[in-house]
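Working notes for the structure below.
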Amino acid sequence: MIYAKELTSLTSIENQTNSDVEEFNYDANGNVLLHEFDNGDTKNMLWDEANMLKAIKISNAESFQHYIYDANGERTLKGIGQYGLMDLNGLSQTVSTIGNYSQYVSGYMVMGPHYMVTNHYYSGTERIACKLVGSVDSSIDNSLELSGTEKAGLPDRQVEDLELVRTEFGFDTLIIEDTDPEEDDCEGNNDCPNVLYFFHPDHIGSSTFLTDEAGNPYQFLLYLPFGDMTDWWRYCANRVIKITR
């Protein structure tokens, strides 16, 4: 690992096995702006005036995410978007869509992109477990909907936020709309099992390991020293699914 002279900013990492190099660029406040991999893949990050992560673009997945915070700096909304090249009238343009906003109602309740609710449970201030409890009641106030023809119900400030995201990430167009869940997505089918999952934090409080209520492993996350997730394992049907970066 190579650090900048002030010893606070990691500038590059070299894999001693295959010599692949990852490089990092920062803004004046020390926020990571660019994470570039040896194969040319990149992660671009956009920050607000309070040094909160506003958006991230991940090139190898052709995806991006948009985050909105309340006055206390707590994340309240997370939108998931996709982008790609398209030929329009003989011109190549980068078109993007975003929607499916998750709503972080409180530390105890999160409503997912397909209106499924997850409850979180605490021991004092430490989160110890979570459980998917089902869909939001169908009588929910429509003003809470976050996508569609009404610009996702986002306030003007948040729409302006997305315009900045579009400009900074080089998108020619950005459309706000929900996408349908995958056919095998239990959240879309409203048939997810109501399993209680337990968090097992590491020495700095990051939840690196999850088990189900029977103690079986469900998910494992591995982080680099500065917080970037590098590996993700999920245990499914007696087999391990590994996703790297």
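Readers should treat all values here as calculations from the given coordinates under stated rules, not as data from a laboratory. Source: prediction; values computed, not measured. Glycine gets a Cβ as well: all are built from the backbone with ideal geometry, and neighbour counts include every protein chain shown.
I need His203, His120, His114 ordered by Cβ neighbour count within 10 Å, fewest first.
Listed from fewest to most nearby Cβ atoms, that is His203, His120, His114.
In what sequence, highest mean first, do 128-134, 93-99, 24-30, 192-198 appear when ranked by Cβ atoms within 10 angstrom?
In decreasing order of mean packing, 128-134, 93-99, 24-30, 192-198 become 93-99, 128-134, 192-198, 24-30.
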